[in-house]
């Protein structure tokens, strides 16, 4: 057991590469909804069902990735153009869609607003985030982070951004193109 911990410590020292985590994208999408400076880490943590330390670490990783900058008051501000490009061209490869079996949950991708009224679903089960409080049966489409359904149920604007991202990372080419256009509009505002 001691050899394993020595290996892990030496591996961490030999590869100091910073890697974005799925919850970091959730934090960034939430921050992109702010017109001004970001709320406190405690407020974000409560809203996103994360810990304040997860928010802090995520913002640090996003800053290293040049997706966030700090203002004069040391508050995080999303670099919207960088986030838009990352979501459009890279995030779906970094955080690929993972599907499961039939589940009860919250609709996502083309099954939820703002895409639901633009795409006619086929006969396949709808994609849903597995969620005990969900009311729709469909095929499991695992969210970026386990707390996403709860956070999305508290913030409709965040829910829409996460739905669009799910269509980008796991939708058909048509769904992806429509979601990219709609996400671009929201991130450019």
Practice problem: Evaluate the following for residue 167: is it within 13 Å of the chain's Cα centre (by Cα) and free of Cβ contacts under 8 Å to residues at least 60 places away in the same chain? | Solution: yes
Exercise. Could you list all residues from segment 120-131 that are touching a strand residue (DSSP E or B) at 6+ places or on another chain (Cβ under 8 Å) and either at pLDDT below 95 or assigned by TED's automatic domain parsing to the domain that holds residue 58 (or both)?
Key: 124, 125
Practice problem: Working carefully through the options 159, 110, 145, find the one that is at pLDDT 95 or above, part of a loop (DSSP other than H, G, I, E, B) and either more than 30 Å from residue 56 (Cα to Cα) or not assigned by TED's automatic domain parsing to the domain that holds residue 40 (or both). | Solution: 145
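The values are calculated or read from the model by the stated rules, or taken from the named source; none is laboratory data. Just so it is clear, the structure is predicted and the values come from calculations on it, not from any experiment. Glycine gets a Cβ as well: all are built from the backbone with ideal geometry, and neighbour counts include every protein chain shown.
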